[in-house]
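First up is the structure itself, then whatever we jot down about it.
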Amino acid sequence: MLHWFLRVSLTTGFAATLALSLPVLTHAEVSTSQPGAIVIFPKIMQDSTIDTVIQLANATGSAILLQCLYVNGAPDPVSGEPLWTITDFQIRLTRQQPILWVAGEGLAAAPSDGRPLDLHPGPIPPIAEGFKGELRCVVIDEQERPVSRNALTGWATLIERATGATRKYAAVSLRGLAANNGDLSLALNDIEYSSCPRILLLDHFYEEAPDPILGTPIRSSITFVPCSADFERAVPGHSTLLFETFNEFEQRTSASLEVTCFADVPLSNIDSAANPERSIFHYSVQGTLTGQTRIRPVPDRSIPFGRGVVAVAEEFRNNGAAASAMNLHFIGGSLQSDLIVLPPSF
């Protein structure tokens, strides 16, 4: 008993000393569990095979107003470049109010279920057939200026029309900080808002690895959205990403990917779209079932804003009959500030 007491006392004392010696971090990292003043849903889809249910909630005890933007990153059928068309709308939420809508249907201008009009968030436009992109929402005041009200949490559920199979992920939230000046240029720099992640971590099966239970191949994809975006001049964000993947033997291999506006890619297409079996993310190349991949945006000092990204991953099993979505882990804040520029009028 005495030995146990001494061990606990020494451990507790060491932990207390260590805590006192560590620097206090003043910045607020992005989160998928804490409310923020900006939320980003990296993947929203609507076509003949899939639709998306979007949930938003006001986590505070007072009403809030939101400015939201759908950004369509689907490829243009002619050029193949992202369409990057923008649809904006506003949402008003009372205290502690959650809302839910189907992206392909939107919400009518008035409630159809007998609810009081003051509980209706306002009209939400449906997204067009073939939409494949993101949704961003920013807390604003009655003068339509961004404010540091950390009120928003959100979730998106992708639903397969044929089977009803679902996969759900949490929206990425960025916290508003005390130095927010209320203009339409939102600096993600740990001064006005949280900075975007310095590193993203993904634990995953390698492509075509046999499912340990079913024996069928496992496949994964990942969706990236640049944090920076100039909605005033219609200039999408761009990022160069460096991937370092470590297999179960801690062997390291690397690849890179250019992302403009929106990218939704199978893991093996990151470095070898023409021949997936030669990808560093393929099971036959790595020789182990699982690995961990570190994803790092490459800074570019020639531009005035950063190249951070947010992402969501998906895993497909049993020949696509079962799927799940997952948020990535974040490490640190970006060393180069990102910038979101909202349009001057809505």
Open item on the list: Starting from the 7 Å offset along Cα-to-Cβ, what nm value, one decimal, do you get for the label separation of Ser284 and Ala110?
Closed with: 6.3
TODO: Treat every Asp and Glu Cβ in the chain as -1 and every Lys and Arg Cβ as +1, leave all other atoms uncharged, and give the resulting dipole magnitude about the Cα centre to the nearest 20 debye.
DONE: 840
TODO: Taking amide H positions as placed in the peptide plane 1.01 Å from N, state which residues far from Gly154 in sequence (5 or more) or on other chains have amide H under 5 Å from it.
DONE: Ala171
Task: Under the Karplus curve 6.51 cos²θ - 1.76 cosθ + 1.60, θ = phi - 60°, whole-Hz ³J(HN,Hα) for the stretch 290-301, x wherever Gly or Pro sits - done: 10, x, 10, 10, 9, 10, 10, x, 8, x, 9, 6
- [ ] Express the carbon and sulfur contribution to the solvent-accessible surface of the stretch 194-346 as a percent, rounded to the nearest whole number, probe 1.4 angstrom.
- [x] 52
Open item on the list: Could you give each residue of the stretch 198-208 its phi-based ³J(HN,Hα) in whole Hz, using Karplus coefficients 6.51, -1.76, 1.60 with θ = phi - 60°, and x for Gly or Pro?
Closed with: 7, 9, 10, 10, 10, 8, 7, 7, 6, 4, 6
TODO: State the volume of the convex hull built on the alpha-carbon positions of the chain, expressed per residue in Å³ and rounded to an integer.
DONE: 204
Open item on the list: For a quick check, take a GNM of the chain with Cα springs below 10 Å and name the residue from Ala255, Ala110, Ala162 with the largest mean-square fluctuation.
Closed with: Ala162
Task: Cysteines (scope the chain) whose Cβ has no counterpart Cys Cβ under 4.7 Å - done: Cys261
Task: Fraction of the pair-distance distribution of the stretch 202-346 above 26 Å, Cα-Cα pairs, percent - done: 30
Open item on the list: Checking the a/c ratio against 1.5 first, then a/b against b/c, what shape does the Cα gyration tensor give for the stretch 154-262?
Closed with: prolate
Open item on the list: Once you place label points 7 Å from the Cα toward the Cβ at Asp88 and Ser62, how far apart are they in nm?
Closed with: 2.4
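The values are calculated or read from the model by the stated rules, or taken from the named source; none is laboratory data. What you see is a predicted model; the values in this text were computed from it and never measured. Backbone-built Cβ (ideal geometry, glycine too); neighbour counts: all protein chains shown. Quick note on the areas: whole protein, heavy atoms, side chains included, nothing else; ligands and nucleic acids left out. Shrake-Rupley method; radii C 1.70, N 1.55, O 1.52, S 1.80 Å.
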